[in-house]
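Since the structure comes first, as structure tokens, the remarks are kept for the end.
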Amino acid sequence: MVQLSTLDQITRMSDLHQKLYVALWGALAGGLMSLIVNLLFTVILPRMRRRSLTRHISIVTDPPHAGHARFRVVNGGYWTINNATLYLDLDFQERDTMLPPYTGRTAHIQPTRFVPLRGDQLCWSVRSPTPNPMSVSIFAKERQPFSPCHIGPTVITIPSEEGWSHEAIVRVFLRPQLYTGRLTLVSADTDARYFSIVIDPSSASTPCTIEPICHRDHDS
């Protein structure tokens with residue numbers, strides 16, 4: 001057999017090292033590209049989408065109707081907001097609460113069983129798929145309605161997540177006066193958005209106002 005010369009052996013070893021070097025860097029480049037693509041589609045883009053949807057949430061005012069303060073949550077983004085839910089914090093004392101003024105009605109918060117209203121759910125003013133659901137989907141550019149209160153001449157009614165039907169348990173009946181608080185909107189696809197709420201029965205044109213809070217304040 002013809003033995004390889006030392007030069008041929010060195011050349012073959014050099015070719016083998018070069019192939020291993022190319023294969024190693026190819027594997028590293030492929031792994032790095034896979035990691036970048038994975039981060040892009042599972043972390044970066046979802047975060048950008050979530051931030052964009054959160055930023056494009058707004059609340060607009062509808063004219064009051066039959067004592068109901070009416071508003072709409074607007075999805076100004078490009079994707080659907082799923083499982084949107086509203087929570088209400090309202091500042092009042094036990095002396096501000098009332099016993100149910102209507103026959104057959106009851107309330108979670110009463111003078112005889114008082115608790116603060118801190119982050120309790122509201123209902124939405126839609127009829128489908130069920131009347132006054134606690135959570136709804138808001139499609140891109142859609143405006144979903146809700147009513148945080150009914151302002152009557154002798155009582156302010158705050159609904160619960162059970163809705164506005166006569167069978168539903170009300171969150172609380174309040175004496176008609178000025179109240180302030182915070183409204184929080186959460187969903188499966190956005191960060192929480194915070195809004196200030198003012199209920200003022202003495203204002204005929206704007207008995208209830210809702211304004212965005214620019215910076216998240218501390219949880220109560």
Ser202 versus Asn83: modelled label distance in nm, points set 7 Å from Cα along the beta carbon direction: 4.3 nm
Nearest-0.05 FRET efficiency for Thr209 and Arg51, computed from C-beta distance (R0 22 Å): 0.25
Under 5 Å, built H, 5+ apart or other chain: amide partners of Ile213: Tyr194, Phe195, Ser196
Derived scalar couplings ³J(HN,Hα) [region 46-61; Karplus, 6.51 cos²θ - 1.76 cosθ + 1.60; whole Hz; x for Gly, Pro]: x, 5, 5, 5, 4, 5, 5, 4, 4, 5, 9, 7, 9, 10, 10, 9
For region 58-212: rounded, prolate or oblate by the Cα gyration tensor [a/c cutoff 1.5]: prolate
Whole-number percent relative contact order across region 115-220, with pairs defined as alpha carbons under 8 Å at least 6 apart: 17 percent
Net charge of neighbours whose Cβ lies under 13 Å from the Cβ of Ile138, counting Lys and Arg as +1 and Asp and Glu as -1: +2
Peptides 85-97, 45-57, 179-191 ordered by average Cβ neighbours within 10 Å, highest first: 179-191, 85-97, 45-57
Formal net charge of residues neighbouring Leu45 (Cβ-Cβ distance under 15 Å; K, R +1; D, E -1): +3
Projected label distance in nm at Asp62 and Ile44, using a 7 Å step from Cα toward the beta-carbon: 4.2 nm
For Cys149, distant residues with modelled amide H under 5 Å away: Ala69
Nonlocal amide H pairs with Thr80, under 5 Å, H built at 1.01 Å: Ala140
Separation in nanometres of the label points that stand 7 Å from Cα toward Cβ, at Thr112 and Glu94: 1.4 nm
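FYI, it's all coordinate maths here, none of it is from the lab. Treat the numbers as computed from the prediction; the structure is a model and nothing was measured. In this analysis, Cβ positions are derived from the backbone assuming ideal geometry, glycine residues included, and neighbour counts consider all displayed protein chains.
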